[in-house]
Amino acid sequence: MLTILFDGVAYGMLLFILAVGLSVTMGLMNFINLAHGAFAMAGGYLTVALMQRWDVPFLVCLPIAFAGTALLGAVMERTLYRHMYRKPHLDQVLFSIGLSFMSVASVDYLMGSQQQIMQLPDWLRGRTELWDGALGMGHYRLFIIAVCAALTVGLQFILAKTRFGSRLRASVDDARVAAGLGIRVNLIFAATFAVGSGLAGLGGALGAEVLGLDPTFPLKFMVYFLIVVAVGGTSSITGPLWAALLLGIADVAGKYYMPKLGSFIVYSLMIAILIWRPQGLFVRKGGR
């Protein structure tokens, strides 16, 4: 039971890092980006390519995956996404899901349809057993929890305590007034989108070994990202975090105890929560 709980927490933390960028773009920028998983896939494939073809160490690949997908996100924001900010949400959905299918086809053509294999360093492959095997902790899952916890604290600090965070909130509340005060709104949005894309890429790099990596990655996990955002809300970082942990534990436990009904349990729980709290489980009533 403790092992299942531990694996569920690790899975939930990974889902949070993968989905938090989508939460930021939907909650702060009011943009529905269903191609978010494509950036995660890009980070995963970049990591696998660096490790397999150029023997780049895993720990070096992680910041490269973040930086590479952040740069890709910045370029796409300036050339494509910025034209869609004021479009209706349906147009945003059709636009971004089209990009997602294009990314799937492109990766399938360039890299092949087979699942990619990532060889972790030896020090991340082990497993520690506690209390006569009652709790088994994989070293890589411990590493995922540590990295994601540090990122969560850092993101919360940046949004709540820094000048960039205050300027971002001002730009979202009223872009015209913010621009009149000297805030470079377009630059703030571009940086926010780039960081969200970079976090997705980092999540893809971390999750390639746990979740599997193939060209259908953006489509397989799109619903999970949306569940985290819908259940957790988009008004804070902590809401999606708790939602991701809840989803991770429910998914792991459901697949362990009832493998044939695992997905049914997750989606039933999501439907029940959204009927009860349509604004999100961790959003106060009356909040956004």
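Both radii were evaluated on the Cα set of segment 98-138; the Rg over Rh quotient, with Rh as the Kirkwood radius, amounts to 1.35. Equivalent ellipsoid of segment 2-276: semi-axes from √(5λ) of the C-alpha gyration tensor, largest first, are 30, 22, 19 Å. For segment 168-288, the square roots a ≥ b ≥ c of the C-alpha gyration tensor eigenvalues yield an a/c of 1.5 or more together with a/b not exceeding b/c, which makes the shape oblate. For the chain, the longest principal axis of the alpha carbon atoms and the long axis of helix 2-27 meet at an angle near 20°. To the nearest Å, what is the center-to-center distance of segment 152-224 and segment 1-56, using C-alpha atoms only? Spelled out, the Cα-based centre of one part sits 12 Å from the other. Put a plus charge on the Cβ of each Lys and Arg, a minus charge on the Cβ of each Asp and Glu, and nothing anywhere else: the dipole of the chain about its Cα centre is then about 1040 debye. Using the Cβ-Cβ distance between residue 78 and residue 163 with R0 set to 30 Å, the FRET efficiency works out to roughly 0.85. Residues 173, 7, 55 in ascending order of nearby Cβ atoms (within 10 Å, fewest first): 55, 173, 7. Restricting segment 83-159 to trypsin sites (Lys or Arg not before Pro) that sit in a DSSP loop and have at most 14 other Cβ atoms within 10 Å of their own Cβ leaves 86, 125. Applying 1/(1 + (r/R0)^6) with r as the Cβ-Cβ distance of residue 131 and residue 265 and R0 = 41 angstrom yields a FRET efficiency of 0.90. Using a/c under 1.5 as the rounded threshold, could you call segment 52-203 rounded, prolate or oblate? The axes a ≥ b ≥ c are square roots of the C-alpha gyration tensor eigenvalues, and prolate needs a/b larger than b/c, oblate otherwise. Cα axes put segment 52-203 in the oblate bin. From least to most packed, judged by other beta carbons within 10 angstrom and beginning with the fewest, 172, 153, 107 follow the order 153, 172, 107.
Taking the C-alpha atoms only, the angle from helix 185-211 to the longest principal axis of the chain is near 10 degrees. Annotation for segment 147-230: trypsin sites (Lys or Arg not before Pro) lying in DSSP loop with at most 15 further Cβ atoms inside 10 Å of their Cβ are 184. Under Stokes-Einstein, with the Kirkwood radius over Cα pairs as Rh, the value for segment 33-84 at 4 °C and 1.567 mPa s is 111 µm²/s.
Stretching the chain fully between residue 186 and residue 53 yields a gain of 44.1 nm (0.36 nm per residue, less the alpha carbon separation).
What longest range of the chain stays clear of loop-exposed chymotrypsin sites (Phe, Trp or Tyr not before Pro) (DSSP non-H/G/I/E/B, at most 15 other C-beta within 10 angstrom)? Value returned for the longest uninterrupted segment is 132-288.
Bear in mind that the values in this text are calculations on the coordinates, not laboratory data. Keep in mind it's a predicted model, so treat the numbers as computed, not measured. Note that we place each Cβ from the backbone using ideal geometry, even for glycine, and neighbour counts take in every protein chain shown.
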